[in-house]
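What follows is calculated from the coordinates using simple rules that are stated; it is not laboratory data. What you are looking at is a predicted structure, and each value in this text was computed from that prediction instead of being measured. Heads up, the Cβs are rebuilt from the backbone with ideal geometry, glycines too, and the neighbour counts pull from every protein chain shown.
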Amino acid sequence: MNETAGTGAAVIYPWLDGHWSFFMRRINDDRLAHALLIQGPSGCGKNALADAMAARLLCCESEAQACGKCRSCKLLEGQAHPDYFRLHPEDDSVVIKVDQVRDMIGKLDLTTSISFRKVALIQPADAMNGASANALLKSLEEPSGDTVLILVTDNPGSLPVTIRSRCQTISVSQPGDEVALEWLKDSSGRPAGEVSEALQAAGGSPLRAAHYLASPELDAYKQVRDGLSILLGRPAAVSMFSHQLNQLNPVDLWRWLSMCTGDVIKSLMTGSPVNWLPADVQLGDKALLKLQRQADENRRLSATQVRGELLLQDWLIRWAEQII
Ligand SMILES: [Zn+2]
């Protein structure tokens with residue numbers, strides 16, 4: 001799933017109101033930093049927040065949010081704003097290359113065309129390699145007066161300290177379930193039960209849950225969950241089940257396997273039942289943490305490797321053996 005990226009109508013999700021107020025106070029007090037680093041887990045609205053900030057900084061009219069009507073807003077919507085730059089990995093690359101950064105810095109040195117400021121969005125900032133980050137550092141050390149850089153990342157730890165220390169950090173976190181459920185109910189119009197299931201499948205991420213509600217992927221999550229329940233004590237069914245699951249998006253699949261394992265670990269710790277397992281099932285806890293770690297590791301690897309059905313089979317066999 002991708003968070004809303006690029007330009008377009010600005011969305012301030014309710015759980016980001018505080019961050020927006022902070023940003024507006026800084027603008028009104030003329031104390032906005034030249035570089036902002038928006039960080040936090042995936043699916044919480046960081047990109048939408050960055051887009052709204054960029055639009056507001058460029059808008060020629062608005063006091064509160066970008067007006068959506070002025071020349072700047074229209075150009076931004078049409079992805080043709082001459083004072084707006086967005087850096088992201090191009091073509092099939094996963095890296096923001098040094099030439100892209102240098103090219104952008106060259107343009108930032110020019111005077112503005114339409115807006116009072118120039119805005120550069122770097123998304124995801126952790127896609128910069130060492131050379132790219134070094135090239136950007138110069139801009140951060142000697143910012144031009146009318147430029148604001150907005151860096152967005154799920155993974156701030158992978159950015160050089162020299163970059164992070166020169167940015168004003170805005171840490172976005174996942175909203176509480178109550179806030180997320182209310183927003184999902186209002187925005188999707190779906191019944192509370194479905195919304196709650198989607199949020200569970202999304203591990204608490206409201207935007208991922210919204211995506212699940214609008215796609216068949218919630219059914220895929222249920223397929224994983226129900227399959228895990230059936231597999232317990234039936235290792236012979238692993239082969240058929242792994243073949244089915246191997247058709248799913250591997251990143252989602254491993255996230256769900258990790259989450260389901262996490263549900264069981266939590267249940268063993270708290271004594272509360274897992275709502276998708278038979279009430280009388282008894283599981284050991286020794287290998288579960290290891291299984292969860294393995295699922296997380298496989299999720300990270302799945303972005304770069306070919307799908308590993310053997311890895312999946314191995315994992316499922318060990319899951320099937322969890323029953324006491
Ligand atoms: Zn405007």
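Tabulated data
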quantity: Reachable lysines, given that their alpha-carbon falls under 19 Å from the alpha-carbon of LYS138 and they are not under 8 places away in the same chain; calculated: LYS97, LYS107, LYS118
quantity: Near-label residues of the stretch 75-118 by backbone N, under 15 Å of a point 7 Å along Cα→Cβ of SER144; calculated: 82-86, 101-118
quantity: Relative contact order %, the chain, counting alpha carbon pairs below 8 Å whose residues are six or more apart; calculated: 16
quantity: Exposure proxy ranking, count of Cβ atoms within 10 Å, fewest first, for SER171, SER205; calculated: SER171, SER205
quantity: Ranked list, fewest to most other Cβ atoms within 10 Å of each Cβ, for THR162, THR111; calculated: THR111, THR162
quantity: Spin-label model distance (nm) - ARG300 vs ARG102, 7 Å beyond Cα toward Cβ; calculated: 3.2
quantity: Mean-position separation - Cα centroids, the stretch 93-160 and the stretch 245-268, in angstrom; calculated: 36
quantity: At R0 = 25 Å, FRET efficiency that the Cβ-Cβ distance of ALA236 and GLU309 yields, to 0.05; calculated: 0.90
quantity: Cα point-scatterer Debye curve for the stretch 34-151, base-10 log of I(q)/I(0) at q = 0.14 Å⁻¹; calculated: -0.57
quantity: Compactness of the chain as Cα Rg over 2.2 N^0.38 Å, two decimals; calculated: 1.14
quantity: Listed residue (PRO273, LEU288, VAL238) projecting farthest to the positive dipole end of the stretch 216-320, Cβ model; calculated: LEU288
quantity: Modelled FRET efficiency - R0 45 Å, VAL161 with ALA279, Cβ distances, 0.05 increments; calculated: 0.35
quantity: Per-residue Cβ neighbour rank within 10 angstrom, fewest leading, THR147, THR270, THR261; calculated: THR270, THR147, THR261
